[in-house]
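The values are calculated or read from the model by the stated rules, or taken from the named source; none is laboratory data. Not measured: the values here are computed from a predicted model. A quick note on method: Cβ atoms are made from the backbone with ideal geometry, for glycine too, and the neighbour counts reach across all protein chains shown.
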């Protein structure tokens, strides 16, 4: 069972997982899929083909349009926006040109960020507030600005990593180790 505030609009045929909370004035379109234990903040719009994994937190005023998929444990900051057409025009129907956008497990997108369609945000990546993402983002990478540029690497906990001369970094919070090799970061077992 899930919770929906009385002002939320949930169209028929939405799949909503147990423990999910849907807050004031949000609108879920028919056909969308929301996982378990998610939080959908106030005034969130979720289009019909959107897929949201488990444990996802969507803050207030976020718009998720057709073609967006968020894997488990994704965080979407207040007022971030996803597009689905590269060159929209009000008088041209481009529904056949929608491009997919994927946000992989554990990634976070900051407040007021814009994600241009057709890109993938890699697992545990962090996109800073107000950034405009125009290309694919590598897992564990840290991006800021307009257009967004990579400025470092982060751990699963979102802590900026400092690599030693062997390409190894340790997360200050979890103690987990990470390896930087040929421009890619991966956790060490």
The correct count of residues that are closer than 19 Å to residue 70 by Cα, outside any strand (DSSP E or B) and in contact with a strand residue (DSSP E or B) (Cβ under 8 Å, 6 or more places away or on another chain) in the stretch 131-154 is 5
Within the stretch 1-41, residues farther than 19 Å from residue 68 by Cβ and part of a strand (DSSP E or B) come out as 3, 4, 21
Those residues of the stretch 94-120 which are over 14 Å from residue 64 (Cα atoms), free of Cβ contacts under 8 Å to residues at least 40 places away in the same chain, within 11 Å of the chain's Cα centre (by Cα) and not in a loop (DSSP other than H, G, I, E, B), in sequence order: 120
I want to confirm something. Restricting to the stretch 40-59 and keeping residues that are over 18 Å from residue 11 (Cα atoms) and free of Cβ contacts under 8 Å to residues at least 24 places away in the same chain, which single residue is surrounded by the fewest Cβ atoms within 10 Å (Cβ to Cβ)? 57
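Would it be correct to say that residue 84 is surrounded by 15 or more Cβ atoms within 10 Å (Cβ to Cβ), assigned to a loop (DSSP other than H, G, I, E, B) and touching a strand residue (DSSP E or B) at 6+ places or on another chain (Cβ under 8 Å)?
yes
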Which numbered condition residue 117 fails, given (1) touching a strand residue (DSSP E or B) at 6+ places or on another chain (Cβ under 6 Å); (2) not assigned by TED's automatic domain parsing to the domain that holds residue 105: (2)
